[in-house]
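The values are calculated or read from the model by the stated rules, or taken from the named source; none is laboratory data. Since the model is a prediction, treat every value here as computed from it, not as a measurement. Here the Cβ positions follow ideal geometry from the backbone for every residue, glycine too, while neighbour counts run over all protein chains shown. Please note that ligands, DNA and RNA were not included when accessible areas were found on the heavy atoms of the full protein model with its side chains. Shrake-Rupley method; radii C 1.70, N 1.55, O 1.52, S 1.80 Å.
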Amino acid sequence: MAVRCNVHCQSNGTFRIIGQMLSTIITQGGQSPAIFTKSCVEYIIYGDIDKIKPDIDDIPDAEVRRTLKKVRDSQTQTALNAALAESDWRFDIDGLPRNVNIQDVQTFTNECALYFTVLKPQGMLDQLIAGLKYYGVLELIREHPAMKVLLEANSEEMTADQVTRILKPMYSAAGSNRRNQEELVIVKFQDFLNCIQDGDLLDRIDKPTAEEQEFVSRLTPGHVLAFVTGASRPPAAGFDTKPNIQFVYDEDRVYPTAQTCSSCLMLFVNNQTTADSDDFVRFFLTSLMNGSIFSLA
């Protein structure tokens, strides 16, 4: 997320309050507020514009981003002039040349990207930085730049394997009949996660409804983790309670449930959930769709 200019919020000190909230989340072990673009995070960490490597993709305005990419990708002066003709926004930035030669494209695009990602919202970023001093978080992050992962947006989704490693099954004794059934249910759960990741979950559902199709189209393994823990990825300081899977033997219940306060997923073990069919897939999908804490925003 890029920081967009908002005069009202800056006047009210809103960005400072946001910085304090983020500091509180980090120190109390909440889900990492990794929401900011690389350019914003570099400014937060270094506080020095000269150390920032601006990225066009970090520009919040879609039209500026589109036209500046055309400028950057121009191979001839004719193409460059055509791209510049679409970039009327450049006339609002003091110091930019009206005419740009093909050999100066890199410098021009870097200056524009720096302006839109840091210089224009700099007052708001400074407020945010002031708020991050709360609990000494800013000092800690600047002393340990690798901690930027707490702030920088990560476009990579949680994978099925990562979710599987986080949720630890609480098995019965090895070699027991219950253990064999529990391992079968876990295989079905892992298969469910892999189907979500691979995008073929609907192939495992008999006559999916329109609601199920729409829901599955946005479903990720991270959403399953959120169903269990309330967080789609591990918090900065880890989970207070280790996420786990409990097995419940009940012939009358088939829909998985979760207790987010204890990060516990409860899977029911019976003839229906262990059957050689795809029923388990629909059982779990129904639980996710009905989960009141679960949202696919």
Rounded to whole Å², per residue accessible area for the stretch 1-120 with a 1.4 Å probe reads 55 Å²
Rounded to the nearest 10 Å², the accessible area of Ile25 using a 1.4 Å probe with every protein chain kept is 60 Å²
Listed by chain and number, the aspartates and glutamates with an alpha carbon less than 20 angstrom from that of Lys51, same-chain partners under 8 positions apart left out, are Glu42, Glu111, Asp126, Glu139, Glu143, Glu152
Rounded to the nearest 10 Å², the 1.4 Å probe accessible area of Arg218 is 100 Å²
Per the helix-only model, the chain has a calculated mean residue ellipticity at 222 nm (DSSP H runs of ≥4, -39500 (n - 2.57) each, divided over all residues, rounded to the nearest 500) of -13000 deg cm²/dmol
For Val269, other-chain or 5+-apart residues with amide H closer than 5 Å (H placed, Pro excluded) are Val248, Tyr249, Asp250
In whole percent, the fraction of accessible protein surface over the stretch 184-297 that belongs to carbon or sulfur atoms, probe radius 1.4 Å, stands at 46 percent
1/(1 + (r/R0)^6) with r = Cβ-Cβ of Asp240 and Asp61, R0 = 41 Å, i.e. FRET efficiency to nearest 0.05, evaluates to 0.55
Length gained if Arg178 through Ala153 is fully extended, taking 0.36 nm per residue and subtracting the Cα-Cα distance, is 4.8 nm
HN-Hα couplings for the stretch 29-45 via Karplus (6.51, -1.76, 1.60; θ = phi - 60°), in whole Hz with x for Gly/Pro, come out as x, x, 5, 3, x, 7, 10, 9, 6, 4, 5, 5, 5, 4, 5, 4, 6
Reviewing (1) 20.5; (2) 14.0; (3) 26.5, the figure for mean projected area of the Cα convex hull in nm² actually calculated from this model sits under (1)
Contour minus Cα-Cα span, Thr209 to Asp50, at 0.36 nm per residue, comes to 51.8 nm
Kirkwood Rh for the stretch 215-297 from C-alpha pairs, in Å, is 13.5 Å
Rounded to the angstrom and largest first, Cα extents along the principal axes for the stretch 9-146 equal 55, 32, 24
Per the rule of 0.36 nm per residue minus the C-alpha distance, extending Met170 to Trp89 adds in nm 23.2 nm
In whole angstrom, the spacing between the Cα centers of the stretch 197-256 and the stretch 58-118 equals 44 Å
Expressed in µm² per second, the diffusion coefficient of the stretch 142-286 from the Stokes-Einstein equation, with Rh the Kirkwood radius over alpha carbon pairs, at 20 °C and 1.002 mPa s, is 131 µm²/s
Here the stretch 59-76 yields Karplus 3J(HN,Hα) values (6.51, -1.76, 1.60; θ = phi - 60°; whole Hz; Gly and Pro given as x) of 6, x, 7, 5, 5, 4, 4, 5, 6, 5, 5, 5, 5, 4, 8, 5, 9, 10
Expected vector for the stretch 228-233, Karplus 3J(HN,Hα) from phi with 6.51, -1.76, 1.60 and θ = phi - 60°, integer Hz, x for Gly and Pro, equals 8, 10, x, 10, 7, 8
